[in-house]
Each structure stands twice: as C-alpha cells, then as structure tokens.
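Here's the structure, in structure tokens; my notes come after.
The values are calculated or read from the model by the stated rules, or taken from the named source; none is laboratory data. As the structure is a prediction and not an experimental result, all values here were calculated from the model. Every residue, glycine among them, receives a Cβ derived from its backbone with ideal geometry; neighbour counts consider all protein chains shown. The area values use the complete protein model at the heavy-atom level, side chains included, leaving out ligands, DNA and RNA. Shrake-Rupley method; radii C 1.70, N 1.55, O 1.52, S 1.80 Å.
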Amino acid sequence: LRTFILRARKGSTRPERIKAQIGKEAHFEVVAHALINAFFVSNGFRQDVEMYVVLDSSEDFPRTLKFSEGISFSGFHELAMVEWVEKALRESSGLKKDETRVIAPGLEISGFGFERLVGNLLGTRPIYVLEPKGEDIRGIDLEPHPVFLLSDHLAMPAKTLKSFKRQGLRTLSLGKQMLFASQCVTLIHYELDQRGALEK
Ligand SMILES: C[S@@+](CC[C@H](N)C(=O)[O-])C[C@H]1O[C@@H](n2cnc3c(N)ncnc32)[C@H](O)[C@@H]1O
C-alpha cells in the first residue's frame, strides 16, 4: 500500500467554490493533478494506492477526503477529479467535527484536518515528509506501506514541520529543484516501482 497525503492549504470546504479555484490563486488544479498521478497509468489504474486530500480553507474545521480502492473516476481529466470532491462536500453538509461519512465506494470524508490525520497514522505506518532539503530518497530503504506527506503550492507551515521532526518523522528529498506535488507523486511511484521490480 502507498499512501499520499496532500494538504491543500487554500482548498475550500464549500463545494460551489471548488471549480472556481482551478487556475486561480487557490490552485485547486494541484489537487486534481496529484489525484491523476496517484491513481492513473496509461491504459490502467493503480491498485494499492490511497490518497488523502486535506481541505484547509474552512469557516469551521478542515475536511479530509480519502480516495482509495473502489473509487471510479469518469475520466482522467481535472474535472473528473473535482466532481468527486464537490460531491463529497455536498453530501456531507452537517458533518460534525471528527465524524466520518462514506460517500461512495473508495471515497469518504472526515471532519478533521492534517495534524489529526497524521496523528492517527503515526505508530502504525512509516511516514515521510516530502521536502527538498530532506534526505535523498535514493539513500533510504523505504519501509513497507509508506505514507508520504505533501503540501500544495504553499509551504507546509514551519511549526507543523518542526513538530513532525520532533516526533521522529523522516524527511525525504527528490532533489533540490522545487517540484509540483503532482510531480512528486509520479517520482515516488517510480522509485517504489523500481524497487519492487528489483525485488522480483
Ligand atoms: C510546489 S511545492 C511547495 C512550494 C512552496 N512554495 C514551498 O516553498 O514549500 C509542493 C510540495 O511538494 C513537495 N516537494 C516539492 N519539491 C520537492 C522535492 N524536490 N523534494 C521533496 N519534496 C518536494 C513538498 O512537500 C512541497 O511542499
């Protein structure tokens, strides 16, 4: 299992705002592209992948969407990704803090944000924070069933990074060049695919 967590710092929790955030300051296309690269390959769909999208821009509390096995997209374009985000937000009106609602096979939405999500996974899964200044991915033996934390076009808050490092999370670099989160997803798949192929 490979798990990606993308923190969309400006991602709205209001369904009617999502489409308008594509190509604008909130850059919701980053979320769509990351989902496409997490799940799709040419002529196929990756199994054993999960992606959490954390929507931080909220009037009450953040929402976390979990895409996993069973999710079916209507295509591999941006709008096909965004449709599910809108639907999950529409169908979770009245969602309480910390409540989780199943929206469709392979899609659920929860009333909590990034720190709580990472806290839930800590201790059961190896978690790596993606950061250009981190340890070179090529020098690390990634543990099985890894979780990768990424930020969108905005940096991960320094306070959050510091606290993760205090908790012993390792940082992982894909080179000095700052990349899009979606490009990081592709490179991580590549690294894991290569390592898997070597093990066979
Ligand atoms: C577009 S970047 C964020 C840019 C933001 N302005 C900043 O200064 O952090 C999106 C995310 O992808 C990850 N990332 C980008 N380039 C990377 C690299 N070379 N190595 C590791 N992670 C990277 C980081 O998690 C980063 O927060």
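Overview of results
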quantity	calculated
Filter result for Tyr190 (open to solvent by 30 Å² or more (accessible area, probe 1.4 Å) and either closer than 20 Å to Leu35 by Cβ or near the ligand (Cβ under 10 Å from one of its atoms) (or both))	yes
Qualifying strands (runs of 3 or more DSSP E) (wholly inside the range 1-105; at least 1 residues being closer than 26 Å to Arg125 by Cβ and of a type in the set (Gly, Ala, Ser))	2-12, 100-104
Hits in the range 121-146 (condition: among the aliphatic types (A, V, I, L, M) and more than 13 Å from the ligand (Cβ to nearest atom))	Leu121, Leu122, Leu142
Residue that is nearest to Ile140 (Cα to Cα), among those in the range 164-186 that are near the ligand (Cβ under 8 Å from one of its atoms) and part of a helix (DSSP H, G or I)	Cys184
Hey, Arg90 open to solvent by 50 Å² or more (accessible area, probe 1.4 Å) and within 16 Å of the ligand (Cβ to nearest atom) or not	no
Search result, residues across the range 23-51 that are among the β-branched types (Val, Ile, Thr) and either open to solvent by 60 Å² or more (accessible area, probe 1.4 Å) or at pLDDT below 95 (or both)	Val41
Qualifying residue in the range 49-66 (condition: of a type in the set (Gly, Ala, Ser) and under 15 Å from the mean Cα position of the chain (by Cα))	no
Residues being loosely packed, with under 15 Cβ neighbours inside 10 Å and among the acidic types (Asp, Glu) - total across the range 97-114	2
Hits in the range 147-160 - residues which are crowded, with 18+ Cβ neighbours inside 10 Å and either more than 8 Å from the ligand (Cβ to nearest atom) or free of Cβ contacts under 8 Å to residues at least 40 places away in the same chain (or both)	Val147, Phe148
